[in-house]
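One structure below.
The values are calculated or read from the model by the stated rules, or taken from the named source; none is laboratory data. None of these values were measured; they are calculated from a predicted model. FYI the Cβ positions are ideal-geometry reconstructions off the backbone, even for glycines, and counts take in every protein chain you see.
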Amino acid sequence: MSKTTSTGGASAAGRRIVSLDLLRGLAVAGMILVDSPGAWSKVYPPLEHAAWHGFTAADLVFPTFLFCAGMAVGLMVPRMTAEDRAGSAFWLKVAKRTGLLILLGLAINLLGGHFDLPNLRLPGILQRIGVCYALGTAICVLTARRGEGGKLAFSMAATFGASIVLLATYWLLVAFVPVPGFGAGHLDSYKSLPAFLDRQVFTIPHLWRGATTEGLGVTYDPEGLLSTLPAVVNVLMGAVAARLMMRGLAHGQRGLMPVLVLGVALVVLGMALNPVMPINKKIWTPSFAILTSGLSTVILVGFEMVARSRSRLGFDFVLKVLGGNAILAFILCQLLGVFSDLKIIPGANPSPQGFGNALALSVLPDPYQASLACAVLVLAFITVILIPLHKRGIHLRL
């Protein structure tokens with residue numbers, strides 16, 4: 001844990017940081033609502049991930065986490081000096097943060113799998129965040145120019161160029177590298193190159209048990225190896241958005257126009273690519289990376305407009321609490337998920353999830369409303385736990 005000083009709302013910098021916390025908080029709230037239903041079979045469609053090709057609101061949660069990580073990188077680079085970049089201390093810090101995220105992700109997987117080491121899932125959400133953060137940071141820092149006073153100057157051109165290279169490389173590999181026995185260009189959950197590499201590198205026992213193909217069992221992992229490449233682009237676009245926002249800071253609301261244009265352009269491009277490059281979260285297609293980066297940018301602009309005005313959202317305090325302690329909120333959500341599956345309650349509904357859903361159904365006869373109510377209660381419970389820490393400026397930092 002670390003104690004941080006509240007930025008308040010008076011300074012421009014403070015307001016900018018608040019908008020980032022709001023976006024991160026929205027992602028955390030979305031994650032909890034998606035991961036904590038009363039009944040998995042009674043979930044409203046927007047809170048379910050797309051079965052394969054396609055896109056739902058739930059599919060925006062993870063890319064937004066990566067986008068926020070990229071924003072933090074974009075805000076960090078101009079504070080660095082050329083000496084920082086050349087020294088080992090900074091890179092050791094990046095390696096430490098990456099390693100901690102990966103280890104924490106593996107620990108959560110181990111706990112969720114009830115300590116079944118032979119079937120421990122190796123990929124995961126925190127593992128991907130750690131790798132994408134490391135690669136995104138390396139690209140942004142190493143391509144930065146030497147600016148005035150020895151400070152680093154963020155390179156928009158290099159960051160966009162790296163994004164294009166990552167997306168093009170990934171798509172060329174998927175489209176033209178043949179999978180033994182199946183050929184090239186497949187985009188399904190079994191014959192596609194990302195799915196094939198997951199099975200070869202991690203092996204089936206170490207993939208997510210929910211990533212199944214009918215009649216074939218477990219065949220891929222949604223946080224797999226090759227699909228991490230385009231996910232790095234969400235980090236890079238977050239860094240670009242942060243730099244554009246800082247450039248426009250002195251121009252009031254008009255200064256947000258370049259950020260909004262970027263967001264809208266990315267959304268349009270992602271949708272335009274869909275017919276030839278289907279939007280797909282499970283293998284993180286380039287169109288998915290572009291579309292979600294654009295949506296995150298547009299939502300960020302909306303939060304920034306609120307943060308710079310005197311108006312309030314009404315629920316912005318909750319988002320600040322969740323956004324300020326995103327890692328801790330994630331851990332709590334995962335731990336509650338593990339606990340909810342345990343059969344520890346006597347009666348017809350032995351698990352806490354089943355018991356809670358039965359209680360909700362006694363109040364709300366509609367099974368979908370009852371299931372959503374359970375998720376909202378989990379969200380409220382986690383928020384209540386984090387409020388005292390937030391008020392004291394205590395946040396978990398890796």
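Assorted remarks:
- Inter-residue pairs, beta-carbon under 6 Å, first surrounded by 14 or more Cβ atoms within 10 Å (Cβ to Cβ) and in region 168-194, second among the aromatic types (Phe, Trp, Tyr), 6+ apart: VAL179/PHE196; ALA184/PHE176; SER189/TYR220; LYS191/PHE182
- So ARG121, is it touching a residue at least 60 places away in the same chain (Cβ under 8 Å) and buried (at least 20 other Cβ atoms within 10 Å of the Cβ): yes
- Residue in region 337-349 that is closer than 26 Å to PHE381 by Cβ and surrounded by 19 or more Cβ atoms within 10 Å (Cβ to Cβ) present: yes
- Listed by first and then second residue, the pairs linking a residue in region 259-282 that is within 22 Å of ALA175 (Cβ to Cβ) to a residue that is among the acidic types (Asp, Glu) and part of a helix (DSSP H, G or I), with Cβ atoms under 6 Å apart and 6 or more places separating them unless they lie on different chains, are LYS281/ASP59.
- Residue ID - surrounded by the most Cβ atoms within 10 Å (Cβ to Cβ), chosen from residues in region 51-77 that are more than 17 Å from TYR133 (Cα to Cα) and in contact with a strand residue (DSSP E or B) (Cβ under 8 Å, 6 or more places away or on another chain): HIS53
- Among (1) surrounded by fewer than 22 Cβ atoms within 10 Å (Cβ to Cβ); (2) at pLDDT 95 or above - the single one MET246 does not satisfy: (2)
- ALA348 vs. criteria over 23 Å from GLY25 (Cα atoms), in the same structural domain as PHE317 (by TED's automatic domain parsing) and hydrophobic (A, V, I, L, M, F, W, C): yes
- Selection status of GLY181, small (Gly, Ala, Ser), under 30 Å from ILE279 (Cα atoms) and under 23 Å from the mean Cα position of the chain (by Cα): no
- Filter result for ALA375 (of a type outside the set (Phe, Trp, Tyr), within 29 Å of VAL235 (Cα to Cα), surrounded by 18 or more Cβ atoms within 10 Å (Cβ to Cβ) and modelled with pLDDT under 90): no
- Residue within region 278-295 that is surrounded by fewer than 17 Cβ atoms within 10 Å (Cβ to Cβ) and assigned by TED's automatic domain parsing to the domain that holds ALA162 present: yes
- First in region 82-100 and assigned by TED's automatic domain parsing to the domain that holds GLY136, second anywhere and surrounded by 13 or more Cβ atoms within 10 Å (Cβ to Cβ) and among the acidic types (Asp, Glu), Cβ under 7 Å, 6 or more apart: PHE90/ASP84
- Residue match in region 247-259 (condition: within 26 Å of the chain's Cα centre (by Cα), farther than 25 Å from GLY130 by Cα and among the β-branched types (Val, Ile, Thr)): yes
- Highlighted here are the helices (runs of 4 or more DSSP H) found entirely within region 291-386 that include at least 1 residues which are aliphatic (A, V, I, L, M) and closer than 30 Å to VAL261 by Cβ: 316-324, 326-340.
- When each of VAL165, VAL201, VAL218 is tested for being touching a helix residue (DSSP H, G or I) at 6+ places or on another chain (Cβ under 9 Å) and of a type in the set (Val, Ile, Thr), the lone residue that passes is VAL218.
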